[in-house]
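Undergrad: Submitted below is the structure of interest, expressed as structure tokens.
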Amino acid sequence: MIGPILQRFARGENLTREDLCALLRVPVGSRDYYRLLSEANAYSRRAFDGKGLLFGQIGLDIQPCRINCKFCSLAADVLKDCVPVVRDLHSTAQLARELAESGAQDVFLMTTAEFSQERFLEYGRAVRSVLPDGVRLVANVGDFSEAYARRLRETGFTGIYHICRLGEGVDTGAAVETRLRTMDAVKAAGLELYYCVEPIGPEHTNEQLAEEMLRPRQYPVGVMAVMKRTAVPGTALAKRGEISAARLAQICAAATLAMRPKRAMCVHEPDELCLMAGANQLYAECGANPRDTEAETSKGRGFSAAEAQAILRKTEWELTE
Ligand code: SF4
């Protein structure tokens, strides 16, 4: 029975690792499963005042990435000796402007770990110059130092998407310590950190999931997220398959209760069940995408702004026009 855990959450207490594991052990479809989803949904409708949010992400480059994550279509082992393709600065700024005009409140620029840090700052400057003042600019890039974090901030970035992934150092070529150093740099530079429990596969234990739900409590995180691992054809982990939508909703609900996000709770990719289980924020995506084999993800897995907004409306999240 999870009643006492939900009561402690309602009293404002922080849930523990053991609490989260208990929530994650609840059988899908049971009465407790729906109580968990209901509690997370009630929290988010209240905390976010019924408002749904759209963010937009532009993937800048397709090139064999040395971090070689076993779930990524841009990993060196997948792309091998493919010729790098990098979106030009002008079209990136144009796309960013269109995303903002379509209602994206935060615009993310994403690269592989191969992208030049200096060049990325030029993209940041160009995009910042076309975004309305109220739109946040967020970097989703490889690891960096505190000095570079400060330069990102000076360039006009307001936040960074950076996480310690499930299976980091085993299923990826990045060390946990390196990821944590970058997150510490984000905090020290006064940037907002965007966190996500990802990429969730069927093999991840409740303890592993709980650990990543609790890690962001030490950082300035206003937007929390969950993302399942996509079984991308040609990647090493595709054979392990994917978790179900029902399980993702359970994880989404537990992560919402774990973090009590103040600004938004995201599910990636768009998912109606999660929008009834704590999530209120989706992404429109264009350009390169580690979960897609299409070079332009807006023609593949990526949702357009209109499609993501339609799902938010279907689940009765109000959109600010
Ligand atoms: S997920 Fe990111 S870091 Fe990992 S291989 Fe793909 S592009 Fe590189």
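Undergrad: For the chain, what is the percent of antiparallel DSSP beta bridges, rounded to the nearest 5?
TA: So the antiparallel bridges amount to about 5 percent of the total.
Undergrad: Next question. Filter the GluC sites (Glu not before Pro) in the range 192-238 down to the DSSP loop ones having no more than 15 other Cβ atoms within 10 Å, then list what survives.
TA: Listed in order of number, the matching sites are Glu203.
Undergrad: If r is the Cβ-Cβ distance from Glu272 to Arg181 and R0 is 30 Å, what FRET efficiency results, to the nearest 0.05?
TA: Efficiency, rounded to the nearest 0.05: 0.20.
Undergrad: Could you run the Karplus curve 6.51 cos²θ - 1.76 cosθ + 1.60 with θ = phi - 60° over the range 83-88 and give me ³J(HN,Hα) per residue in whole Hz, x for Gly and Pro?
TA: 6, x, 10, 10, 5, 6
Undergrad: Just from its helices, what would the mean residue ellipticity at 222 nm be for the chain, if runs of 4 or more DSSP H residues each count -39500 (n - 2.57) and the sum is divided by every residue, rounded to the nearest 500 deg cm²/dmol?
TA: Numbers: 12 runs with 126 residues, N = 321.
Rounded to the nearest 500, it is -11500 deg cm²/dmol.
Undergrad: Explain nothing, just compute: Karplus ³J(HN,Hα) = 6.51 cos²θ - 1.76 cosθ + 1.60, θ = phi - 60°, for every residue of the range 220-227 in order, whole Hz, x for Gly and Pro.
TA: Ordered by residue, 3J(HN,Hα) equals x, 9, x, 10, 10, 7, 10, 8 Hz.
Undergrad: Using a 7 Å offset from the Cα along the Cα-to-Cβ direction at both Met1 and Leu319, what is the distance between the two label points in nm, to one decimal?
TA: 4.4
Undergrad: With +1 assigned to the C-beta of every Lys and Arg and -1 to the C-beta of every Asp and Glu, and no other charges, what is the dipole magnitude of the range 113-155 about the Cα centre in debye, to the nearest 20?
TA: Taking the Cα centre of the range 113-155 as origin, the dipole is about 160 debye.
Undergrad: Loop-only trypsin sites (Lys or Arg not before Pro) in the range 1-77, please: DSSP not H, G, I, E or B, and at most 11 other Cβ atoms within 10 Å.
TA: Answer in residue order: Arg11.
Undergrad: Hey, another quick one. Hey, for a label at Glu307 modelled as a point 7 Å past Cα toward Cβ, could you say which residues of the range 270-288 have their backbone N under 11 Å away?
TA: Hits in the range 270-288 for Glu307 at 11 Å: 270, 284-286.
Undergrad: Taking R0 as 51 Å, what's the FRET efficiency between Glu146 and Arg31 from their Cβ-Cβ distance, rounded to 0.05?
TA: 0.60
No lab work stands behind these numbers, since they all come straight from the coordinates. As the structure is a prediction and not an experimental result, all values here were calculated from the model. No Cβ is skipped: glycine too gets one built from the backbone with ideal geometry, and neighbour counts run over all protein chains shown.
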